[in-house]
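A short write-up of the structure that comes next.
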Amino acid sequence: MAFVSSMDSRVAVGLLNATGYARGFSITSTMEALDVTTLADRAQAFIVGLNTSTATLDMLLDTTGTTNAQYQAFNAMKATGPYPITLGVEGFTTGDPVILINGHLTELGQSSTNADVVTATANHQGTGGTDLGVAVEDFTAIVATGNGTARDLTASSARGGVAHLHVTGFATLTSDTITIEHSVDGSTSWATLVTFTAVTALTSQRVEVADGTTVRRYLRVVDTFSGSGSCTRAVFFARR
């Protein structure tokens with residue numbers, strides 16, 4: 001048995017590393033049970049239906065009006081979406097388990113009471129299901145073209161998957177083309193599994209790998225720079 005301290009938890013929403021604002025989060029994933037009971041049955045029978053999820057962030061309010069700050073980021077999310085949301089109950093250290101959803105911001109609230117700080121809540125409705133994956137790369141400032149470290153995910157799979165990219169820092173660079181490669185042994189025969197759209201500013205992306213695609217045991221992140229500068233990004237992947 002292994003218990004986890006909540007102070008290790010991390011959360012990213014779109015281009016926002018929300019951990020520095022969040023006091024906590026909750027996520028609920030539900031699977032519909034469809035009633036297929038007939039007259040011949042002596043007990044109710046069900047089959048699995050649609051999956052959905054909701055996520056709520058409990059935060060302190062920051063009114064700084066910069067693009068990658070909380071207030072401005074959530075204000076922009078009201079008009080567009082969905083956005084990749086990555087929740088790490090143990091953190092974002094490589095190999096840590098994470099939950100990946102594609103979420104619409106459905107409710108944004110603020111609260112102020114005497115003798116306390118101003119707080120905010122952000123509620124999200126997931127679309128497209130809930131995936132359990134791992135952190136491939138924590139938030140890291142990359143300053144040159146290069147291959148990331150091979151990450152051992154212990155087994156291959158053949159049902160595709162989904163990848164999340166969160167970019168929270170981008171300076172002077174023309175672009176960074178970020179891919180995820182996979183390999184059977186972690187050292188040879190690397191092949192591209194996921195290609196994100198070339199990054200030219202703060203952004204987030206979600207890429208789904210088609211069902212039936214074999215995902216090899218080892219993954220690594222590759223950055224290909226155009227120009228010079230830095231890109232701070234985190235990458236996550238879930239097998240299906």
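The values are calculated or read from the model by the stated rules, or taken from the named source; none is laboratory data. Predicted, not measured: the structure shown is a model, and the values here were computed from it. Heads up, the Cβs are rebuilt from the backbone with ideal geometry, glycines too, and the neighbour counts pull from every protein chain shown. Heads up: the accessible areas ignore ligands, DNA and RNA and are worked out on the full protein's heavy atoms, side chains in. Shrake-Rupley method; radii C 1.70, N 1.55, O 1.52, S 1.80 Å.
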TODO: Name the one entry in Ala115, Ala79 that is out of contact with any Gly (no Cβ under 9 Å at 6 or more places or on another chain), among the hydrophobic types (A, V, I, L, M, F, W, C), in a loop (DSSP other than H, G, I, E, B) and over 22 Å from Thr54 (Cβ atoms).
DONE: Ala115
TODO: Determine which single condition Ala40 fails, assuming it passes every other condition in (1) modelled with pLDDT of 95 or more; (2) open to solvent by less than 50 Å² (accessible area, probe 1.4 Å); (3) not polar (S, T, N, Q).
DONE: (2)
Open item on the list: Based on this model, can you work out whether Gly148 counts as under 14 Å from Arg206 (Cβ atoms) and either open to solvent by 30 Å² or more (accessible area, probe 1.4 Å) or not charged (D, E, K, R) (or both)?
Closed with: no
Open item on the list: Where the second residue is part of a loop (DSSP other than H, G, I, E, B) and open to solvent by less than 10 Å² (accessible area, probe 1.4 Å) and the first is more than 12 Å from Glu181 (Cα to Cα) and small (Gly, Ala, Ser) and lies in region 209-222, which pairs have Cβ atoms under 8 Å and are six or more apart or on separate chains?
Closed with: Ala210/Gly160; Gly212/Gly160
Open item on the list: So, in region 84-102, exactly how many residues are closer than 19 Å to Arg240 by Cα and open to solvent by less than 10 Å² (accessible area, probe 1.4 Å)?
Closed with: 8
Task: For Leu34: the one exception among (1) of a type in the set (A, V, I, L, M); (2) within 22 Å of the chain's Cα centre (by Cα); (3) open to solvent by 50 Å² or more (accessible area, probe 1.4 Å) - done: (2)
